[in-house]
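The values are calculated or read from the model by the stated rules, or taken from the named source; none is laboratory data. These numbers were taken from a predicted model, which means no experiment stands behind them. All Cβ positions, even for glycine, are placed from backbone atoms using ideal geometry, and neighbour counts span all protein chains on display.
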Amino acid sequence: MITPVSFAEKFGADIRVGLNWDRFVKEGWRVESVKLTDRDGLARCFMPWYIGKKGEEVAYDDPHAVPMCLIDVPKSKHILNDERQGDIHDYVRKFKTEGAPVEFSVPTYGLPNDSHFVLDRNHRLAALALSSVPFAVTLWNVRGPHERECLLDLIHWLPKPKPENETGAAHAG
């Protein structure tokens, strides 16, 4: 059984996205193990990399930010910064020389529709999306609440607030 403490011990030093570690550990959110071995599994993973209105890489809180799905990496990698592209291609080369299948663990946060938000190991997963090597990736998937206070990036999967004039409140006339 994966506990919040074992998750934090394994990935805590590496995760830089806005995960609420205090709530995660205090509330004891469940962590499940999910095995990915095919491209369909990759299609359910979203990266903490965002595409803006003009097709450029933007921050998660940009008003036009759209999360990049892992299977979008092959057609969208050109918008990523040079360092990110270099790191991805280093992993592509490494995977081609290693024995198959490529195996590693990835921390994720559960999203609606059986999807996953990648908390770390993004470059490795992007390299899998670009290569044809067989793989067996184990997701350590946090099943936390779907609240912005739990993970900042969740704003992209939460209902959009309605403008004040659409709340259904009676208007004085």
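Restricting to region 17-46, and then to whatever is closer than 20 Å to VAL137 by Cβ, loosely packed, with under 13 Cβ neighbours inside 10 Å and of a type in the set (D, E, K, R), can you tell me which residue is farthest from the chain's Cα centre (by Cα)? Among them, the one singled out is ASP38. For region 109-121, filtering for residues that are part of a strand (DSSP E or B) and out of contact with any Lys or Arg (no Cβ under 9 Å at 6 or more places or on another chain) leaves 2.
Report whether or not VAL92 is farther than 30 Å from ASP22 by Cβ, in contact with a Ser or Thr (Cβ under 7 Å, 6 or more places away or on another chain) and at pLDDT 95 or above. I'd like the intermediate steps shown before the answer.
Working: farther than 30 Å from ASP22 by Cβ: yes; in contact with a Ser or Thr (Cβ under 7 Å, 6 or more places away or on another chain): yes; at pLDDT 95 or above: yes.
When the stated conditions are applied, VAL92 passes them.
Among residues of region 47-61 being among the charged types (D, E, K, R) and over 21 Å from ASP120 (Cβ atoms), the one that is surrounded by the fewest Cβ atoms within 10 Å (Cβ to Cβ) is LYS54.
Just one of the listed residues (MET47, MET68) is in a strand (DSSP E or B) and free of Cβ contacts under 8 Å to residues at least 24 places away in the same chain, and it is MET68.
Residues are listed down the side, and each one gets a yes or a no for (1) touching a helix residue (DSSP H, G or I) at 6+ places or on another chain (Cβ under 7 Å); (2) charged (D, E, K, R); (3) on the phi < 0 side of the Ramachandran plot; (4) at pLDDT below 95:
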position: ASP61; (1), (2), (3), (4): no, yes, yes, yes
position: LYS75; (1), (2), (3), (4): no, yes, yes, yes
position: GLU98; (1), (2), (3), (4): no, yes, yes, yes
position: GLU103; (1), (2), (3), (4): no, yes, yes, no
position: PRO112; (1), (2), (3), (4): no, no, yes, yes
position: GLY144; (1), (2), (3), (4): yes, no, yes, no
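Within region 5-44, if we keep just the residues that are part of a strand (DSSP E or B) and charged (D, E, K, R), the residue that is farthest from LEU152 (Cα to Cα) turns out to be LYS35.
Tallying residues that are of a type outside the set (A, V, I, L, M, F, W, C), in a loop (DSSP other than H, G, I, E, B) and crowded, with 16+ Cβ neighbours inside 10 Å within region 71-89 yields 0. Only residues that are part of a helix (DSSP H, G or I) and either surrounded by fewer than 16 Cβ atoms within 10 Å (Cβ to Cβ) or in contact with a Cys (Cβ under 8 Å, 6 or more places away or on another chain) (or both) were counted in region 90-108, giving 5.
For region 100-115, the criterion of a residue being over 18 Å from the mean Cα position of the chain (by Cα) and free of Cβ contacts under 8 Å to residues at least 24 places away in the same chain is satisfied by no position.
So which residues in region 122-160 are assigned to a loop (DSSP other than H, G, I, E, B) and either over 21 Å from VAL25 (Cβ atoms) or free of Cβ contacts under 8 Å to residues at least 40 places away in the same chain (or both), if there are any at all? Don't jump to the end; show me each part of the working.
Residues of region 122-160 that are assigned to a loop (DSSP other than H, G, I, E, B), as a first pass: 131-134, 144-150, 157-160.
SER131, SER132, VAL133, PRO134, HIS146, GLU147, ARG148, TRP157, LEU158, PRO159, LYS160 - these are the residues of region 122-160 that are assigned to a loop (DSSP other than H, G, I, E, B) and either over 21 Å from VAL25 (Cβ atoms) or free of Cβ contacts under 8 Å to residues at least 40 places away in the same chain (or both).
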